[in-house]
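The values are calculated or read from the model by the stated rules, or taken from the named source; none is laboratory data. Only a predicted model underlies this, so the values are computations on that prediction, with no experimental measurement involved. A quick note on method: Cβ atoms are made from the backbone with ideal geometry, for glycine too, and the neighbour counts reach across all protein chains shown.
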């Protein structure tokens, strides 16, 4: 079905918005509770805090504007205590909305969880719920705080959300959301939003939902468009000698060098009664990557409304890489030569590639070093991931190769210095990182490599450590 000129212009204009949407790959703003921490201190401390994601969707219906706040918390990050029938944990979630004119809304929820066995770190169970607010138009500061009652640990996310005036619009579309389920029953449609940051946990299809508000009834054309965002990471080839310049690269791949690739587009009619319609869509699940989903509706008069959603697809095992062959080979580039990598990649079939990878470790370091190395890669993913996997970031690279720094020095949120010291010689490796762009949510910062003070021999000692047996 042809796409209207209005939609075509809208689709091309999306490219200009990608850089804004990708800023930190998140919608959060820096929270006061964490802004004074060194980034390294923050990411290490964060591993003990409740892990949750929060997503907001705005919509309009006959009763006016509404803001839905969906919260999802990973159960294994809570402190469970033994109970009569297994284990139990509890947490609270406090959501506060504050408008510039002083208007405020707040809701608090207490949640209790009971499990037959103690959750482990690898468990992928999440507890999720929804809080809805009837709001007036305007810009809101939204503060979401989750507190683990067992440990007393807490974490906060702070956002800005604009609620436009929708009552006079002939057509309006709510924010688009991904769905875990969409069930039909005699009483209508029941939707279960999917609000986890890891869309890789979905099955083989992406289901999405949006609410269309329309002043008139008629047959509209819905168009679903899925774009992949190609984010170019800066490659490091460390074994052959990394070139440390006095002015390192400050490019933030999460905000620049973004190419868009059309993955999928589908158009179909939908009958909208006066007052609106529910718009459901189903797309094939895309491979691992960063995406933006656009849902557009055009009526018979060629009036167009649209809504977009930025999301990531990561492997189900993320941040672990033990079952991810491609990540294991790619991250090996920090300590393997190009010829060694080419030999592994050129093997015929996955089984041969795995054998070649094991042969590399058998000849270089041994299987114990292999397990330690990939554990370090997984930790870098957990600590430093933004729109890139953590091991691909400059901080992640030094963490994989050199481990945790001996000293960390903060010079405000913009600069951070890591110092590594070799005890036997007091030789030092000093690495300066600089925050790219304005400070955002500390959980999504990207620090570029600024300066490195060392010599190649000292750096090679770290590389060769991985290639030598214990």
Inset, instruction - Please go through the stretch 379-393 and pick out each residue that is within 17 Å of residue 197 (Cβ to Cβ) and in a helix (DSSP H, G or I). - result: 381, 382, 383, 384, 390
Inset, instruction - List every residue pair whose Cβ atoms lie under 6 Å apart, where the two residues are 6 or more positions apart in sequence or sit on different chains, the first residue falls within the stretch 164-183 and is over 13 Å from residue 304 (Cα atoms), and the second residue, located anywhere, is exposed (fewer than 12 other Cβ atoms within 10 Å of the Cβ). - result: 183/190
Inset, instruction - Could you tell me whether any residue of the stretch 271-283 is assigned to a loop (DSSP other than H, G, I, E, B), under 16 Å from residue 174 (Cβ atoms) and modelled with pLDDT under 90? - result: yes
Legend entry - Output for the stretch 158-180, where each listed residue is surrounded by 18 or more Cβ atoms within 10 Å (Cβ to Cβ) and not in a loop (DSSP other than H, G, I, E, B): 158, 159, 161, 163, 171, 172, 173, 177, 178, 179
Inset, instruction - Inspect all residues belonging to the stretch 234-253 and state whether any of them is surrounded by 14 or more Cβ atoms within 10 Å (Cβ to Cβ), at pLDDT below 80 and either on the phi > 0 side of the Ramachandran plot or in a strand (DSSP E or B) (or both). - result: no
Legend entry - Number of the condition not met by residue 155 [criteria: (1) part of a strand (DSSP E or B); (2) over 27 Å from residue 320 (Cβ atoms); (3) in contact (Cβ under 8 Å) with a residue 40 or more places away in the chain]: (2)
Legend entry - Residue within the stretch 314-337 that is touching a strand residue (DSSP E or B) at 6+ places or on another chain (Cβ under 8 Å), in contact (Cβ under 8 Å) with a residue 24 or more places away in the chain and not in a helix (DSSP H, G or I) present: no
Legend entry - Test result for residue 410, in contact with a helix residue (DSSP H, G or I) (Cβ under 7 Å, 6 or more places away or on another chain) and either touching a residue at least 60 places away in the same chain (Cβ under 8 Å) or assigned to a loop (DSSP other than H, G, I, E, B) (or both): no
Inset, instruction - Please enumerate the residues belonging to the stretch 394-442 that are closer than 26 Å to residue 198 by Cβ and modelled with pLDDT under 90. - result: 435, 436, 437, 439, 440, 441, 442
Legend entry - the stretch 309-332: number of residues that are farther than 29 Å from residue 264 by Cα and surrounded by fewer than 18 Cβ atoms within 10 Å (Cβ to Cβ): 1
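Give the residues of the stretch 288-308 that are assigned to a loop (DSSP other than H, G, I, E, B) and surrounded by fewer than 19 Cβ atoms within 10 Å (Cβ to Cβ), sorted by residue number.
Taking the stretch 288-308 as the starting set, the residues that turn out to be assigned to a loop (DSSP other than H, G, I, E, B) are 288, 299-303.
Of everything in the stretch 288-308, those that are assigned to a loop (DSSP other than H, G, I, E, B) and surrounded by fewer than 19 Cβ atoms within 10 Å (Cβ to Cβ) turn out to be 288, 300, 301, 302, 303.
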Legend entry - Test result for residue 123, surrounded by 14 or more Cβ atoms within 10 Å (Cβ to Cβ), in contact with a strand residue (DSSP E or B) (Cβ under 7 Å, 6 or more places away or on another chain) and closer than 30 Å to residue 379 by Cα: no
Inset, instruction - Return yes or no: is residue 100 over 27 Å from residue 296 (Cα atoms), modelled with pLDDT under 90 and surrounded by fewer than 18 Cβ atoms within 10 Å (Cβ to Cβ)? - result: yes
Inset, instruction - Determine the pairs where a residue that is more than 20 Å from residue 360 (Cβ to Cβ), located within the stretch 456-470, has a partner that is surrounded by fewer than 17 Cβ atoms within 10 Å (Cβ to Cβ) and modelled with pLDDT of 80 or more with Cβ atoms under 6 Å apart, the partner being 6 or more residues away or on another chain. - result: 458/427
Legend entry - Residue that is nearest to residue 96 (Cα to Cα), among those in the stretch 59-69 that are modelled with pLDDT of 85 or more and buried (at least 19 other Cβ atoms within 10 Å of the Cβ): 69
Legend entry - residue 266 vs. criteria buried (at least 18 other Cβ atoms within 10 Å of the Cβ) and modelled with pLDDT under 95: no
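Residue-wise test of (1) within 22 Å of the chain's Cα centre (by Cα); (2) closer than 24 Å to residue 307 by Cα.
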{"residue": "104", "(1), (2)": "no, no"}
{"residue": "126", "(1), (2)": "yes, no"}
{"residue": "130", "(1), (2)": "yes, yes"}
{"residue": "136", "(1), (2)": "no, yes"}
{"residue": "147", "(1), (2)": "yes, no"}
{"residue": "154", "(1), (2)": "yes, no"}
{"residue": "158", "(1), (2)": "yes, yes"}
{"residue": "161", "(1), (2)": "yes, yes"}
